[in-house]
Amino acid sequence: MSDQVKKASILIVDDEKGLRIGTQRLLEDEGYEVETADCGEVGIRLGTSKDFDVAVIDLKMPDIDGLEVLKEIKTTFPNTICFIATAYASYDTAIQSTRLGAYSYIPKPFTPEEFIYQIEQGLKQRQLILEALRLKQEREEKLLELASEKSRLNTIIKAISDGVIVINRNEELVYFNYAALRFLNIRDVKIGEKVVEKLPKEISEIIDKIISKEKILLKTYTTQIEILPNNELIIEAACTPVPNPDGSLAGVVIILSNVTQFKKIELIKSQFVSMVAHELKTPLAAVQGFINIILDDSLGVDKEKEKEYLTRSTVRLRSLTDLVNDLLDISRMELKTKHREIENVNIIETIKSTLQFLEFELKKKEIVVDTNIQENLPIIKADVSEITRLFTNLISNAIKYNKESGSIYIIAHQENSYVSIKIRDTGIGMKPEEKDRLFNEFYRAKNEKTRGISGTGLGLSIVKKIVESYYGKIEVESVFGYGTTFTIHLPINQN
Amino acid sequence: MALIAIIDDDPDILDASSLVLKSKGYDVVTASNPTDGFKIIEERKPNLIILDVMMDEPDDGFFLAQKLRRENIHTPILMYTSVSKAIGMDFNKSEMVPVDDFVEKPISPEQLVAKVETLLNKVGEKI
């Protein structure tokens, strides 16, 4: 016992002084720490104030009965090993004291060897109890940890925006999160339910394939499914077999992700590419047609006709060049790779120089320009080439879509922290449905009045991109048959 | 000699196609939009129609073809296309697209003449 770090503590409760002192000395010689009580009352006080390893309680004491002391100690410290010491051992008290939690009896009188032996047995028992307690506590802590780990994992899975469904090899639902239900557009599922019938055919076929395989391949099978029509909701399902530790199939985990936006972008991209291809191919086909005719001797085209076809081919090729340039501008603007030279831009000057640039077109159609520009119109900070481009596109549209001898009104003034510029024409105007599509790439209003007006279909989408890149706004009003007004608001305080 | 109607909104294509066919002895009428196209078909009753698929709208060539068939006009139609396949209008001769043949622009004079002759011969056999 002496090599123990902490000495075992023993309480002796006995009204017999000689025995008290005798056992105390005996136990202290063995290396134990001993406290004594000379009556039941003191015994209860000491025994309930500290968790003794062992208590030896005399059964018969003048004040309080030993069984009462036993009961009190056991209530407070159930793990104190209690011995009942008595000369009046009887079957009844043995049963009674055992019921109250006594470990054993020590019949009086006893030899030191007997006594020490009993105490050692008791201490062994105490150690067993404490060890068991420790293990139990450890296990509970582990369980708690496990439970919180599980709930943490649960929280994580619930929080991710992808849908998760786990089924076992019997095709019963083991786990799901709410994103999964949302993506599959199903309301009500229960754990343990045969869920495969509720899943889209594309997924259940993959699951069948995985489950029916003899050897599991750790491979993910993916499929894309249109859950709601008209590309409202498209999900991608990735199904992966989950193996048991022995390599057999435990189930299948299905991860669902919303790919609707990607699909939409893909669609827009491919539509754009088709439109570009069409716009590029149309003039090419015309030019190719003319060249074929000129090269084909059997058609007998005369010199004059030949020259006309070559001239018309040149016009088509020029429009093709314009188109390619516009496309490059749009692409640069979208990629924001265009190098901007921000400087003070005088809007009046820019409009004047644009009108000069378009003088030939204005004269050809005999169009009158009327300007009403506020004096001291604030200077804005911008790239002058972009602002020039903006006015060129808008004013050349106002010419192209104007009637012969029509007018263009340009009104510019400050409106709070914006410079507002109105460009109004007296042209053919637009129908409401044409107005809505106006800023779309390649959109050109097509009707009997626009026939013969050429353009790339990109002018206004470039205008819109420029205006928006300066955090400005563009508005359009139009009356079919009477004319169109574009209003541009550009912020004054530009950095 | 057979009369051929060409309906296309591109005046250069109209002129080039007309020139080729006229030089082979065909008579040609043209229109630059579906409405006028329908009119010349009703009035002139051509033996063959060459129809561009994309005019004012990306598919109004289809609509004109369908309209003609509904009106019980069964004149063979040769359809001009440019990039319709890429747009997803991958078509075959069908109820939806009641035309007799397709040709992708640009087209060489020999190719155009060959297609026209084939279609006209087919009609001839039927009659």
Kindly express, to the nearest 10 degrees and within the range 0 to 90, the angle between helix A:66-76's C-alpha long axis and the longest C-alpha principal axis of chain A.
10
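Can you tell me how the range A:9-135 classifies by the Cα gyration tensor, rounded, prolate or oblate, using a/c under 1.5 as the rounded cut? Kindly include the intermediate steps, with their values, before the conclusion.
Values: a/c = 1.29, a/b = 1.11, b/c = 1.16.
It comes out rounded by the Cα gyration axes.
Mean residue ellipticity at 222 nm from the helices of the protein assembly as shown, using -39,500 (n - 2.57) per DSSP H segment of n ≥ 4 over the full residue count, to the nearest 500 deg cm²/dmol? Spell out each step's value before the answer.
Numbers: 19 runs with 286 residues, N = 622.
It comes out at -15000 deg cm²/dmol, rounded to the nearest 500.
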Per residue, what accessible area does the range A:265-335 have, given a 1.4 Å probe and all protein chains present, in Å²?
61
Residue by residue through the range A:182-192, which ³J(HN,Hα) values in whole Hz follow from phi under the Karplus form 6.51 cos²θ - 1.76 cosθ + 1.60 (θ = phi - 60°), with glycine and proline marked x?
5, 5, 8, 6, 10, 8, 10, 9, 10, 4, x
Measure off, as a whole percent, the carbon and sulfur share of the 1.4 Å-probe accessible area of the range A:349-495, all protein chains present.
49
Grab the beta carbon distance between A:L128 and A:L153, set R0 = 45 Å, and tell me the FRET efficiency rounded to 0.05.
0.75
Long-range amide H partners of B:M55 with built H, under 5 Å:
B:D60, B:G61
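Order A:240-252, A:173-185, A:124-136, B:11-23 from most to least packed using the mean count of other Cβ atoms within 10 Å.
Working: A:240-252: 14.5, A:173-185: 18.5, A:124-136: 12.2, B:11-23: 20.5.
My ranking of the peptides, most packed first, is B:11-23, A:173-185, A:240-252, A:124-136.
Partner chain Cβ atoms within 10 Å, averaged over the residues of A:14-24 - can you pull that number for me? Before the final figure, lay out the partial values.
Details: counts 0, 0, 0, 0, 0, 0, 0, 0, 0, 0, 0.
The shielding value for this peptide is 0.
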For the pair A:E341 and A:I160, how long in nm is the line joining their label points, each one 7 Å along Cα→Cβ?
5.2
Output the 0 to 90 degree angle, nearest 10, between the alpha-carbon long axis of helix A:303-335 and the longest principal axis computed from the alpha carbons of chain A.
30
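In debye, nearest 20, what is the charge dipole magnitude of the range A:342-491 about its Cα centre with +1 on Lys and Arg Cβ and -1 on Asp and Glu Cβ, if you could check? Present the calculation step by step, with values, prior to reporting the outcome.
Numbers: 20 positive and 20 negative charges, 101 e Å.
It comes to approximately 480 debye.
Just to confirm, what accessible area per residue do you get for the range A:9-135 at 1.4 Å probe, in whole Å²?
Working: 6450 Å² over 127 residues.
Per-residue accessible area for the range A:9-135 comes out at 51 Å².
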Across peptide A:284-297, how many C-beta atoms of other chains are within 10 Å of each residue C-beta, on average?
6
Evaluate peptide B:102-111: per residue, the Cβ atoms of other protein chains within 10 Å of its Cβ; return the mean as an integer.
4
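Could you compute the net charge surrounding A:V324? Neighbours are other residues with a C-beta less than 12 Å from the C-beta of A:V324; K and R count +1, D and E count -1.
Its environment carries a net charge of -3.
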Distance in nm between A:E113 and A:L310 label points, each 7 Å along Cα→Cβ, equals 13.7
For the pair A:F360/A:K6, report the inter-label distance in nm, with labels modelled 7 Å from Cα in the Cβ direction.
10.4
Could you list, in their original order, any pairs among A:K50/A:K74; A:K365/A:K400; A:K7/A:K124; A:K6/A:K71; A:K305/B:K22; A:K365/A:K403 whose Cα atoms are separated by more than 18 Å?
A:K6/A:K71
Could you give log10 I(q)/I(0) at q = 0.12 Å⁻¹ for the protein assembly as shown, computed by the Debye formula over C-alpha point scatterers of equal weight, without solvent?
-1.13
Please sort by residue number the trypsin sites (Lys or Arg not before Pro) in the range A:200-232 whose DSSP state is loop and whose Cβ has at most 16 other Cβ atoms within 10 Å.
A:K213, A:K215, A:K219
Residue-ordered couplings for the range A:340-347, obtained by feeding phi - 60° into the Karplus form 6.51 cos²θ - 1.76 cosθ + 1.60 and rounding to whole Hz (Gly and Pro as x), are 9, 10, 7, 9, 6, 10, 8, 5
Could you pull out every residue, at least 5 positions away or on a different chain, whose amide H is within less than 5 Å of the one on A:V345? Hs are placed 1.01 Å off N in the peptide plane, and Pro or chain starts have none.
A:I380, A:K381, A:A382
Among A:41-54, A:20-33, the order from most to least packed when residues are scored by Cβ within 10 Å on average
A:41-54, A:20-33
Considering only the other residues whose Cβ falls under 14 Å of the Cβ of A:L295, what net charge follows from Lys and Arg at +1 and Asp and Glu at -1?
-3
Identify, among B:L68, A:N177, A:T487, the residue whose Cα sits farthest towards the positive end of the charge dipole of the protein assembly as shown, taking +1 on the Cβ of Lys and Arg and -1 on the Cβ of Asp and Glu, with the dipole about the Cα centre.
B:L68
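How big is the B/A interface in buried accessible area, both sides summed, 1.4 Å probe, to the nearest 100 Å²? Mind dumping the intermediate values first?
Working: alone 7120 and 29410 Å², together 34470 Å².
When B and A are taken together, about 2100 Å² of accessible area is lost.
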Output the residues of the range B:60-83 meeting this criterion: accessible area (heavy atoms, 1.4 Å probe) in the chain alone minus accessible area with all protein chains in place is 40 Å² or greater.
B:V83
Quick one: Karplus J couplings for the range A:474-489, per residue in order, coefficients 6.51, -1.76, 1.60, θ = phi - 60°, nearest Hz, x for Gly and Pro?
10, 10, 9, 10, 7, 10, 4, x, 10, x, 10, 10, 9, 10, 10, 10
Near the amide H of A:L249, under 5 Å away, which other amide H atoms are found, from residues 5 or more places off or on another chain, if H is placed in the peptide plane?
A:N244
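So, with +1 on the Cβ of K and R and -1 on the Cβ of D and E, and no other charges, what is the size of the charge dipole of the protein assembly as shown about its Cα centre, to the nearest 20 debye? Before the final figure, lay out each step's value.
Details: 80 positive and 98 negative charges, 325 e Å.
Here the protein assembly as shown has a charge dipole of around 1560 debye.
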Roughly what angle does helix A:459-469 make with the longest principal axis of chain A, taking Cα atoms, 0 to 90 degrees, to the nearest 10?
40
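The values are calculated or read from the model by the stated rules, or taken from the named source; none is laboratory data. Keep in mind that what you see is a predicted model, and the values were worked out from it rather than measured. A quick note on method: Cβ atoms are made from the backbone with ideal geometry, for glycine too, and the neighbour counts reach across all protein chains shown. Please note that ligands, DNA and RNA were not included when accessible areas were found on the heavy atoms of the full protein model with its side chains. Shrake-Rupley method; radii C 1.70, N 1.55, O 1.52, S 1.80 Å.
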